[in-house]
Every structure is written in structure tokens, then in C-alpha cells.
Amino acid sequence: MTETLPRLLLRQSEAEHPVLWGRAAVAHFGREFDRMLAQRVLVEEAPAETWGLCSDCECGLDARPIRRINGGLVAVCPLDHQADAHLTDTDIRSFRIDPAVLVRLIASASGLDPIPEEILPGLWRLGTIAGSQVVFVVLSVAASVQPGLTGMVTKSARGAALTLLVPTRMPEATRRHLDDAGIHVVAVLEALGEDSSALFALRQSMLVPALAPKLRLDRTRLLVSLFGATGTLSPRSFKLLGVLAEAGGVVVERRNIEACLWTQPADKAAVADVVRDLREELAAIDPRGKDLIETKTAKGYRVALDASEIALS
């Protein structure tokens, strides 16, 4: 399947001086390609006069000269004419990609700032989403490893949460450094949507990091993770928390708690005692745990979290 034109342009833009050659572009010639030319994302250069060397050539040249021979175009190898490359007029066409114009299209299609600010060479601030998440983009690998990038995006975000869109070939060490700095890092190509009617639109769900569960129960190892802190509970408290967590924030009636904890009916005070013990043990893991279990008078108890904030394994 042919790669879409937006993806092709973004992939080529990872080079320091991005160029799209006619051989790769020809599959996309048409209305969409003409629009890229009209918007100056692509600027056609003069036809190439030289071509790349053979992979193992020892001629000492920087490139093979292109000659027109018998009506055809040939990249001539001075040492072995069997290694000559036969080209077409389309092959030697080239189109310079303007990253600044490409970034403006991405921002506009994604409902961000129509004129993104370039805060370092090759690094742009696209705008803000989801109320406070600030989004930046760097297209080329060279720009992604320039000194001062981490400090500049952090300063520009002014304390807000931030997302940095990066090239797929960014070095892993650089990506780890950004992760360690608390920056949500996403490859531009991963964030690019698939809607052909909205070229270059980003999927905003990719721009905001998934929230870690506030409560996680590991029922195999009997561990509880609460707001990032991990600890253990007594067997009865763990069982009660499991019952409440499975309800996903919905109230669990006292009679259902009784049925899960005891084989014989228990009185109201017994359930209250177990809930009190659970609250104390949760508070020992994280002080916020003391308010995690809510009492619904004459009805039951619930975990004071949404189902999306609870994970069971």
C-alpha cells in the first residue's frame, strides 16, 4: 500500500535538508500534490544534473554525471558502464520541503495556533490543547538533538504540562532524556490522523498522556498501589477493597459486603469496623487513603474514584 502524501512528507522532513525526489513523488501526483505546491510546502528545484554513486564504486567522484544518451537519461559510471543508472525525466525532478510551511499546515488542521512560534531552529510551539497541555513539534533529527531543546520547551511551557512531537529516528538516548524531564514524547507520524479530508490533522488523544490509575490492585501478589505509593493490606481489608474496586465507584450495599466477607449474616457495626480498618491501612500507604472510601448513609460504601482511575490485575 502506498504511503500517504502527508506521511511521506513528514518522513522526508526528518532529514536536515528535506527533499522529495520525483521517483518517490510520482505516485502522489495529482490534486493533493498540486495543493502542496500551491501552498509552498513543496518547491520544485531545477532538474538534477548528477546522481548518487554506485554503492561500491571507487571512481573517486562525489556523484555520477547525468547525460542524455540516445534520447534517454543516464547517470554514467566512469569505471563500469554496466553500472550506469537509466533514469526518467520524473526521476531527476526534486521538490524541496519547507518545514515551516508544513508545521503551519499541521497546526491549522489540528485547531492549534495558525502561526506557530519557532522558538529554536526547527522547533515550534504549536499551541495548547485540553485546557493546559502545551504542544511542541520538531521535525528533523538534527533539530531534535540540538543543545538547549529540553530547557527551551520547559521554559516556553511556563510550568504547564507539555507534549513534544518528534521524528521517528530521534536517538533513543535523547528520547529517554526527554521522558526523564517529564515531557510527554510522541512521534509525529504516530500522532498523525488517518482522515483524508483533514490532511495533517493530529489525533488529540495522542497528545495528552494517558493518566495512570490512582488505585491499582494486584490480586496475585496482594499489593495495593495508591496514588503511586505501594503497600500491603490485611487479608480482610484487601478483600473488601477488591469488592469496592470491582464496583468501579458505584455504591456497594452493606448486605453485599456482608455476603462477600462472611458466611453468616453480620451486624451493621461489623461492616463499619472492617471499613474503618481499611481506611486506616490505606492511610498508612498514602495519607489521601483515609478519604478513599465514602460512606453512603443507610446504603453502603463506594471507592471515591471513577472506574477509569481504578485498575485490577
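The values are calculated or read from the model by the stated rules, or taken from the named source; none is laboratory data. Computed from a predicted structure; not experimentally measured. When we count neighbours, we look across all protein chains shown, and the Cβ atoms used for this are built from the backbone with ideal geometry, even at glycine. The accessibility values were calculated without ligands, DNA or RNA, using every heavy atom of the protein model including side chains. Shrake-Rupley method; radii C 1.70, N 1.55, O 1.52, S 1.80 Å.
Tally up the residues in segment 249-262 that are closer than 13 Å to residue 294 by Cα and of a type outside the set (Asp, Glu), please.
Matching residues across segment 249-262 total 5.
Of the residues 233, 244, which single one is within 22 Å of residue 313 (Cβ to Cβ), open to solvent by less than 30 Å² (accessible area, probe 1.4 Å), touching a residue at least 40 places away in the same chain (Cβ under 8 Å) and not in a loop (DSSP other than H, G, I, E, B)?
Criteria check complete, one pass: 244.
If residue 89 satisfies every condition in (1) free of Cβ contacts under 8 Å to residues at least 24 places away in the same chain; (2) within 18 Å of residue 22 (Cβ to Cβ); (3) among the charged types (D, E, K, R) but one, which is the exception?
Unmet condition: (1).
Assess whether residue 250 counts as being β-branched (Val, Ile, Thr), surrounded by fewer than 15 Cβ atoms within 10 Å (Cβ to Cβ) and at negative phi.
Yes; evaluated as a whole, the condition is true for this residue.
Kindly indicate whether any position in segment 9-26 is open to solvent by less than 70 Å² (accessible area, probe 1.4 Å), assigned to a loop (DSSP other than H, G, I, E, B), at negative phi and of a type in the set (D, E, K, R).
Yes: one or more hits.
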